[in-house]
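Trainee: Dumping the structure here so I can ask a few things about it.
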Amino acid sequence: MIESARGAAVNWAGNLTYGAREVLRPRTLDEAADLVASAAKPKALGSRHSFNTVADTPGGTHLDLSALAPVFSLDAAARTVTVSASARYGDLVTRLDASGFALENLASLPHITVAGSVATGTHGSGERHQGLASAVSSLTLLTADGTVLSLSRGDADFAGAVVGVGALGVVTSLTLDVVPTFSMRQDVYDNLPWTSALTHFDEIQAAGYSVSLFTNWARDVVDQVWLKNVVAPSAPSSPGDAISGPSGAGPTEIPASLFGAVPADGPRHPAHTAGVPAGNTTPQLGEPGPWYDRLPHFRLGFTPSVGAELQTEYFVPRSAAPAAFEALRALGHRIAPLLLVSEIRTIAADDLWLSPAHGRDSVALHFTWLPRQPEVEALLPTLEAALAPFAPRPHWGKLFHGEALALDYPRLADFRTLATRLDPTGKFRNPFLDRHVFGG
């Protein structure tokens, strides 16, 4: 029996009440297919970790797929795992690790669903690593008439369907590439001078498997640099140690200092300057541990990040990073009063049509804002105008304005054609997609 809840859901941060008139929880794929076929405006509802209306369906029906039988099918020979669309990364990773495998990359928090993360172009960090969607080797979705459509890497429409922003159908399962499991360490450095960040950005990015810089754009230093690196099982845990990557790459040394930044003397929270304690963060200070407890910044059993917050993120070409930093530093006096923390990460290029890293190595400029939405939204056009010379692409699930953004996606016209073919009546479209994807 389909479970029903009248009224709309609220997103994770509490800044958005969805406009759907009901939330339905089908218990079987057949029920889900019937609902998609019969509903006027169905949309999937995941972990709700979005800050805008990309997943909204005003007056329509939200489908919560968490009542479907869970799927976890590991193919060790092919090095893939197939999971339910509603699976959270935090639920997947421990089972995967227990089987001797890992995901190459993870986002900063494990609380989010696989399907929602993939559909919006969510990513982790690391100049050699692509976003989470690039791990997808196949996916299954329900199209507008309830038909099951399966696409695999190499199919003509596959690269268009992975980062689908909810415009193509309701995803029910995904198959992800996996790698052999590995251990990691996490080292944090305080007070990196901005002059060093600008001059040695490439070397800093090369110093870690995954690297994050945290700043408020107004100070003369980057508050923190987080280096996440792979370690051999018996490796010691002090700066200066040699490590090796999961692919067997040559050893890398954890620096005793980092271009003027010094090792932290205790655990840090990214938003520590806002007075947030480090209790919900993953272990630091070089303590070795499993990949799934080091790649994210935040632990599954706790509220991630700060909780009461807003988020914005823009992707610029890697080559434009120093100039983009300077443009934001010029606005630091306006950014900092509204900010909890800002994060800088790198992502390798991919070929997925609506991925923010499509066709270009990218730097992601992330803003975690205080929950002051009118003031934040008033600032966004200024931010976007400052970044406009660098062809910024916004994260599909976070707050952005959009008027000054060219949305430089070379395959955008192809995506529109694909969406029209799979959804000729626009069943999965909503005001957000009409404005930002379809140009309405």
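Since every read-out is calculated from the coordinates, none of them should be taken as a lab result. These numbers were taken from a predicted model, which means no experiment stands behind them. As a convention, Cβ positions derive from the backbone with ideal geometry for all residues, glycine included, and neighbour counts pool all protein chains shown.
Trainee: Quick one: of the DSSP bridges fully inside segment 24-136, what percent are antiparallel, nearest 5?
Mentor: On the way: 5 of 9 bridges.
Counting only bridges with both partners in segment 24-136, antiparallel ones make up about 55 percent.
Trainee: I've got another one for you. I need the peptides 35-47, 427-439 ranked by packing, meaning the mean over residues of other C-beta atoms within 10 angstrom, with the highest value on top.
Mentor: Working: 35-47: 20.5, 427-439: 17.6.
Highest-to-lowest ranking by the protection proxy: 35-47, 427-439.
Trainee: Still on this structure: For segment 68-180, taking Cα atoms only, what is the radius of gyration to one decimal and the Dmax to the nearest whole Å?
Mentor: When restricted to the Cα atoms of segment 68-180, Rg and Dmax are 13.3, 41 Å.
Trainee: Whose amide H sits under 5 Å from the amide H of THR346, counting only residues 5 or more places off or on another chain, with H placed in the peptide plane?
Mentor: GLY126, VAL211, ALA364
Trainee: At a Cα cut-off below 13 Å, give the aspartates and glutamates reachable from LYS41, other chains included and same-chain residues fewer than 8 away excluded.
Mentor: GLU22, ASP56, ASP145, ASP423
Trainee: To continue, here is another question. Return the long-range amide H neighbours of VAL163 (sequence gap of 5 or more, or a different chain), with a cut-off of under 5 Å between placed amide H atoms.
Mentor: Counting only residues 5 or more places away or on other chains, the set is TRP353, LEU354.
Trainee: Suppose every Lys and Arg Cβ carries +1 and every Asp and Glu Cβ carries -1, with no other charges. What dipole size does the chain come out with about its Cα centre, to the nearest 20 debye? Each step should come with its number before you reach the end.
Mentor: Numbers: 32 positive and 42 negative charges, 139 e Å.
The calculated dipole for the chain is roughly 660 debye.
Trainee: Then there's this: Output the 0 to 90 degree angle, nearest 10, between the alpha-carbon long axis of helix 412-422 and the longest principal axis computed from the alpha carbons of the chain.
Mentor: 30
Trainee: I would also like to ask the following. May I ask which residue of LEU383, SER196, THR417 lies farthest towards the positive end of the charge dipole of the chain, with charges of +1 (Lys, Arg) and -1 (Asp, Glu) on Cβ and the Cα centre as origin?
Mentor: Of the candidates, THR417 comes out farthest on the positive side.
Trainee: Only bridges with both residues in the chain count here: give the DSSP antiparallel percent, nearest 5.
Mentor: Numbers: 72 of 80 bridges.
Rounded to the nearest five, the antiparallel share is 90 percent.
Trainee: Show the residues, 5+ positions off or on another chain, whose built amide H is closer than 5 Å to the amide H of VAL222.
Mentor: Under 5 Å from the amide H of VAL222: LEU192, TRP194.
Trainee: Can you give me the distance in nm between label points at ALA69 and THR420, each placed 7 Å from the Cα along the Cα-to-Cβ direction?
Mentor: It is 4.0 nm.
Trainee: Can you compute the helix-only [θ] at 222 nm over the chain? Use -39500 (n - 2.57) per DSSP H run of at least 4 residues, normalise by all residues, nearest 500 deg cm²/dmol.
Mentor: Computed ellipticity for the chain at 222 nm equals -5000 deg cm²/dmol.
Trainee: How would you rank 115-123, 20-28, 357-365, highest first, on the average number of other Cβ atoms within 10 Å across their residues?
Mentor: Values: 115-123: 27.3, 20-28: 17.9, 357-365: 23.3.
In decreasing order of mean packing, 115-123, 20-28, 357-365 become 115-123, 357-365, 20-28.
Trainee: Once you list every other residue whose beta carbon is under 15 Å from the beta carbon of ASP220, what net charge do they have if Lys and Arg are +1 and Asp and Glu are -1? Show your work: numbers first, answer last.
Mentor: On the way: positive: ARG219, ARG329; negative: ASP190, ASP223, GLU326.
Taking every Cβ under 15 Å from that of ASP220, the sum is -1.
Trainee: On a full-extension model of 0.36 nm per residue, what is the gain between ASP408 and VAL262, subtracting their alpha-carbon distance, rounded to one decimal in nm?
Mentor: On the way: separation 146, 0.36 × 146 = 52.56 nm, distance 3.86 nm.
Once the chain is fully extended between ASP408 and VAL262, it gains 48.7 nm.
Trainee: Cβ neighbours within 10 Å, averaged per peptide: list 72-83, 173-184 in order, most packed at the top. Write out the running numbers ahead of the final one.
Mentor: On the way: 72-83: 14.8, 173-184: 19.9.
The densest-packed peptide leads the list: 173-184, 72-83.
Trainee: Under a Cβ-only charge scheme (Lys and Arg +1, Asp and Glu -1), can you give me the dipole magnitude of segment 1-87 about the Cα centre, in debye to the nearest 20?
Mentor: Around 220 debye, computed over segment 1-87.
Trainee: Also, quick follow-up: Residue by residue through segment 123-139, which ³J(HN,Hα) values in whole Hz follow from phi under the Karplus form 6.51 cos²θ - 1.76 cosθ + 1.60 (θ = phi - 60°), with glycine and proline marked x?
Mentor: Using θ = phi - 60°, the values come out as 8, x, 8, x, 5, 9, 10, 7, x, 4, 5, 6, 6, 6, 9, 7, 8 Hz.
Trainee: Charges at C-beta only: +1 for Lys and Arg, -1 for Asp and Glu. How large is the resulting dipole of segment 68-180 about its Cα centre, in Debye rounded to 20? Provide the component values of the computation, followed by the final result.
Mentor: Working: 5 positive and 9 negative charges, 31 e Å.
Roughly 140 debye for segment 68-180.
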